[in-house]
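Values quoted throughout were computed directly from the atomic coordinates according to the rules given, and no laboratory measurement underlies them. All figures in this text were calculated on a predicted structure; none of them were measured in a lab. Glycine gets a Cβ as well: all are built from the backbone with ideal geometry, and neighbour counts include every protein chain shown.
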Amino acid sequence: MEQICNDIHEDKTMDSSMLFIQEDHDHLPDQFIWSNDPHVSQTAIGVLDAPIIDLQGFFRHDKEATLHAANLVKKSCVSHGVFQIVNHGIDPSLLALVDEHARAFFKLPITEKLKYKKKEGSVVGFTSAHAHRFAKNLPWKEMLTLEYHENGPDEIVADFFKSALGGQLKETGLIYQNYCHSLKKLALEIFELLDISLGGVDGHQYYRELFKDCISLLRCNYYPRCNQPNLTNGVGPHCDPTSITLLYQDQVGGLEVFTDNKWKSVPPHRDALVVILGDTFKALSNGKYQSCLHRVIVNNYTPRLSLAFFVNPRGDKVLKPPQQLVEEHGGREYPDFTWEEYFYFTQKHYRPDGDTLENFTKWLSSNRATNI
């Protein structure tokens, strides 16, 4: 574990402005080269068999359509932890606006984007390549991260833009506020469908109740064109530590999932959102559902845009699977934990990859034993 922790630190001697991504680089800066990643040179083989699930019948409470959707969810989540959804209730015109305003933000001069720079100790704001956290294996992307929850100000997303620059991007803030509100409602519906797929009891409300006061992050990701895409990653191989991720991706492509010991692409489907299961939900399913190991590749011909809505439980809630799943499995697969503990682990001790949950479990047991 000590070796793992050593890779996560801020390089105080380095001017992070030197790490801002330039599309015209003939040779990648060393920090962006993933020389020790065995996956980076592996080309995706084929297309992932991830179903595109129509939610229209589920929203109408059609029992046959709901059962069909739940069976597709179950098949995907047992196998690899990702599926796409259509007729999800998010207005296509809102998706178009979100895309338009994200592109406009990332096209701003770097001096303007830095006015929204992430402050130390905060999770929100603009960052480039995670250079504030890591010194090597940097992802080839820029990010704008926003926090959303309903436990404080009514317009928490819009207020970020107001406080950052006196409301210069007021319209953008209001659009993202509306988008986050819509995604939170959709997330609760997805949790209910996941509950049904797992054979849930109590009216399929276990996960909906657990996440009704969730605290989520919306991350706008911009992946510039790269002259040497075979040497780097837009995002390296990892499982999301969170519960579920609702992902909007443009039509460029680049999302890949590791399953059956090979990488497979997840092609964009117009008007669809991608649902990605993370480590927290794997634990909440008592290991029955998979946390999706995925990455993003970049290309040398066009930029890519995506927006990831990471759904997290409230930080102090104790997370454990429904008793029904424990009894079916014959015991607990993972110990109780809180999101605060897991988030702290990924921020201070471990860079998320495909083994984060297992290493967190070891760290948690050791840490609790030390504190007895």
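Comparing H61, H204, H149 in a Gaussian network model of the chain (Cα springs below 10 Å), the most mobile by mean-square fluctuation is H61. Tell me which of L319, G287, W339 sits at the most positive position along the dipole axis of segment 277-372, charges placed on C-beta atoms (Lys, Arg +1; Asp, Glu -1). Result: W339, furthest along the dipole toward the positive end. Charging the Cβ of each Asp and Glu at -1 and of each Lys and Arg at +1, and nothing else, the dipole of the chain about its Cα centre rounds to 220 debye. Helical runs (DSSP H, four residues minimum) scored at -39500 (n - 2.57) apiece and divided by the length of the chain put the mean residue ellipticity at 222 nm at -10000 deg cm²/dmol.
DSSP bridge analysis restricted to segment 29-370 gives an antiparallel fraction near 90%, rounded to the nearest 5.
Think of segment 29-370 as a dipole: +1 on every Lys or Arg Cβ, -1 on every Asp or Glu Cβ, centred on the Cα centre; then among Y179, N87, F211, Y179 lies furthest on the positive end.
Computed over the chain, the alpha-carbon pair-distance distribution with 20 angstrom bins reads 28, 61, 10, 0, each value a whole percent.
A simple rule links phi to the HN-Hα coupling: the Karplus curve 6.51 cos²θ - 1.76 cosθ + 1.60 with θ = phi - 60°, which for segment 334-341 gives 9, x, 4, 7, 10, 5, 4, 5 Hz, with x for Gly and Pro. Is segment 199-341 best put as rounded, prolate or oblate by its Cα gyration tensor, with a ≥ b ≥ c the root eigenvalues, rounded for a/c under 1.5, and otherwise prolate when a/b is larger than b/c, oblate when not? Because a/c hits 1.5 or more and a/b exceeds b/c, segment 199-341 counts as prolate.
At q = 0.12, 0.19 Å⁻¹, what log₁₀ I(q)/I(0) does segment 58-131 have when each alpha carbon counts as one equal point scatterer in the Debye sum? At q = 0.12, 0.19 Å⁻¹ the computed log10 ratios are -0.65, -0.89. In this structure, E327 and E189 have a Cβ-Cβ separation that, at R0 = 30 Å, corresponds to a calculated FRET efficiency of about 0.65. Other residues whose C-beta falls under 15 angstrom from the C-beta of E189 contribute a net charge of 0, scoring Lys and Arg +1 and Asp and Glu -1.
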